[in-house]
Amino acid sequence: MDIADAITTTATSLFLQRVSIEGRKNVYLSRNAVNESDFILNKEISIPDDLINIPEPRIVYTGAIYNWFDVELFIK
């Protein structure tokens, strides 16, 4: 990090540690977030064919799939 042009963090705690405690000036916070309105269907939009047979309620996950993500739990 000492020779990086910029440091990005996705957690506020990491951002604050780098900026407040370490005094770094080249740190940027890029929150993991989603615009919920992108997933709200109005009556004018039909559900895509590949999703229509998934029973309701449907859940949406946006984010990284890494070893800490419990795929089995998500499917259940």
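Worth a mention:
- Compared with the alpha-carbon gap, the fully stretched path from residue 42 to residue 7 is longer by 8.7 nm at 0.36 nm per residue.
- Label sites at residue 61 and residue 22, each approximated as a point 7 angstrom past Cα along Cα to Cβ, lie 2.9 nm apart.
- Expected-Rg normalisation [2.2 N^0.38 Å, Cα atoms] applied to the stretch 7-75: 1.65
- Charged neighbours of residue 62, selected by a Cβ distance under 15 Å, balance to 0 (K, R count +1; D, E count -1).
- Each Lys or Arg adds one and each Asp or Glu takes one away; over the other residues whose Cβ falls under 13 Å from the Cβ of residue 1, this sums to 0.
- Charges were assigned to the Cβ only: +1 to each Lys and Arg, -1 to each Asp and Glu. The resulting dipole of the chain about its Cα centre is roughly 360 debye.
- Positive-pole candidate from 16, 51, 74, dipole of the chain, charges at beta carbon: 16
- With R₀ set to 25 Å, the beta-carbon distance separating residue 73 from residue 33 gives a calculated FRET efficiency near 0.70.
- Based on Cα contacts under 8 Å between residues 6+ apart, the stretch 7-75 shows a relative contact order of 25 percent.
A short reminder: the numbers here are calculations on the coordinates, not readings from a lab. For clarity, every value in this text was computed on a predicted model and none was experimentally measured. Glycine also receives a Cβ, built like all others from the backbone with ideal geometry; neighbour counts cover every protein chain displayed.
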